[in-house]
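Novice: Have a look at the structure that comes next, please.
Only the coordinates and a few stated rules stand behind these numbers; no lab work does. Because the structure is a prediction, the values reported are computed rather than measured. Quick reminder, even Gly has a Cβ in these numbers, built from the backbone with ideal geometry, and neighbours come from all protein chains shown.
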Amino acid sequence: QKEVEQNSGPLSVPEGAIASLNCTYSDRGSQSFFWYRQYSGKSPELIMFIYSNGDKEDGRFTAQLNKASQYVSLLIRDSQPSDSATYLCAVRAGGYQKVTFGIGTKLQVIP
Amino acid sequence: DGGITQSPKYLFRKEGQNVTLSCEQNLNHDAMYWYRQDPGQGLRLIYYSQIVNDFQKGDIAEGYSVSREKKESFPLTVTSAQKNPTAFYLCASGRANTGELFFGEGSRLTVL
């Protein structure tokens, strides 16, 4: 079982719709959860991080964490063509600095 | 400007040669990381370091070596023992308290 699992996609949504990206993790001791966006040929950039169960909102982005289900999600409201990228879920184990990434989900926003 | 600088951006190497990728940060972060990314793949952890003079193997450390003599620097050597070295290499530094990572622009290594 992979430590961090994501569907590779592509996930296609029309412009203006909500994009929902999902991630599961295997280590119950994980404490920090991150979403990164990576455009083709570029390095990843941090979008959001979340540590506590529940929702965390930042502009059009909402991160959701459910530690009991070992599940993290990212919602993108009012999706724009510029949101088309690969979204990487990352998890940091508690007490250590190791940060493990999922394979990433490719999002395509159709104009 | 604060940030992470990786060099070179592109590198070509003949089989059997070692090559060293540079990573420098001026963000005053304690932790530094090296990841490898292959086409269509996520990031796989090679090595990471929490403090100076200390580092740990990641998931794919074989054929690689690192050093951490200064807080600002974390160079990665790709040795001839690495069987498939052609890849995109990403260096990152991180905040110890929050775990957020900040990436350099990457180094693209091609073995001819």
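Novice: Within 10 Å of each Cβ in A:44-52, how many Cβ atoms from other chains are there, averaged over the peptide?
Specialist: 3
Novice: Here's something else I'd like to know. Can I get the semi-axes of chain B's equivalent ellipsoid? Compute them from the C-alpha gyration tensor as square roots of 5 times the eigenvalues, in angstrom, largest first.
Specialist: Calculated on Cα positions only, the semi-axes equal 22, 14, 13 Å.
Novice: Also, quick follow-up: Using each residue's phi in region A:15-22, evaluate 6.51 cos²θ - 1.76 cosθ + 1.60 at θ = phi - 60° and report the 3J(HN,Hα) Karplus result to the nearest Hz, with x for Gly and Pro.
Specialist: Calculated HN-Hα couplings, in order: 4, x, 7, 8, 9, 10, 10, 10 Hz.
Novice: Assuming a ≥ b ≥ c are the square roots of the Cα gyration tensor eigenvalues, decide whether region A:16-98 counts as rounded (a/c under 1.5), prolate (otherwise, with a/b larger than b/c) or oblate.
Specialist: oblate
Novice: Then there is this: Could you pull out every one of the lysines with an alpha carbon less than 19 Å from that of B:K14, ignoring same-chain neighbours closer than 8 positions?
Specialist: Reachable lysines: B:K83.
Novice: Assign unit charges at the C-beta atoms only (+1 for Lys and Arg, -1 for Asp and Glu), then state the dipole size of the protein assembly as shown relative to its Cα centre in Debye, rounded to the nearest 20.
Specialist: So the magnitude is around 420 debye.
Novice: Explain nothing, just the number: dipole magnitude of chain B about its Cα centre with +1 on each Lys and Arg Cβ and -1 on each Asp and Glu Cβ, in debye rounded to the nearest 20.
Specialist: Here the size comes out at about 300 debye.
Novice: So what is log10(I(q)/I(0)) for the protein assembly as shown at q = 0.08, 0.09, 0.10, 0.13 1/Å, when the Debye sum runs over its Cα atoms only?
Specialist: -0.28, -0.36, -0.45, -0.75
Novice: Hey, another quick one. Among the lysines, which have Cα under 21 Å from the Cα of A:K67 when same-chain residues fewer than 8 positions away are ignored?
Specialist: Cross-link targets: A:K2, A:K56, A:K98.
Novice: Would you mind pulling out the separation of the Cα centroids of region B:8-37 and region A:22-66, in Å?
Specialist: Region B:8-37 and region A:22-66 have Cα centres spaced 25 Å from each other.
Novice: Would you tell me the mean number of C-beta atoms belonging to other protein chains that fall within 10 Å of each C-beta in A:12-20, as a whole number?
Specialist: The per-residue average across the peptide is 0.
Novice: Order of A:100-106, A:27-33, A:52-58, A:82-88 by packing, highest average Cβ count within 10 Å first?
Specialist: A:100-106, A:82-88, A:27-33, A:52-58
Novice: Further, regarding this structure: State to the nearest 20 debye the size of the charge dipole of chain A about its Cα centre, where the only charges are +1 on K and R beta carbons and -1 on D and E beta carbons.
Specialist: In debye, rounded to 20, chain A gives about 280.
Novice: If you count, for every residue in B:99-109, the Cβ atoms of partner chains within 10 Å of its Cβ, what is the mean?
Specialist: 5
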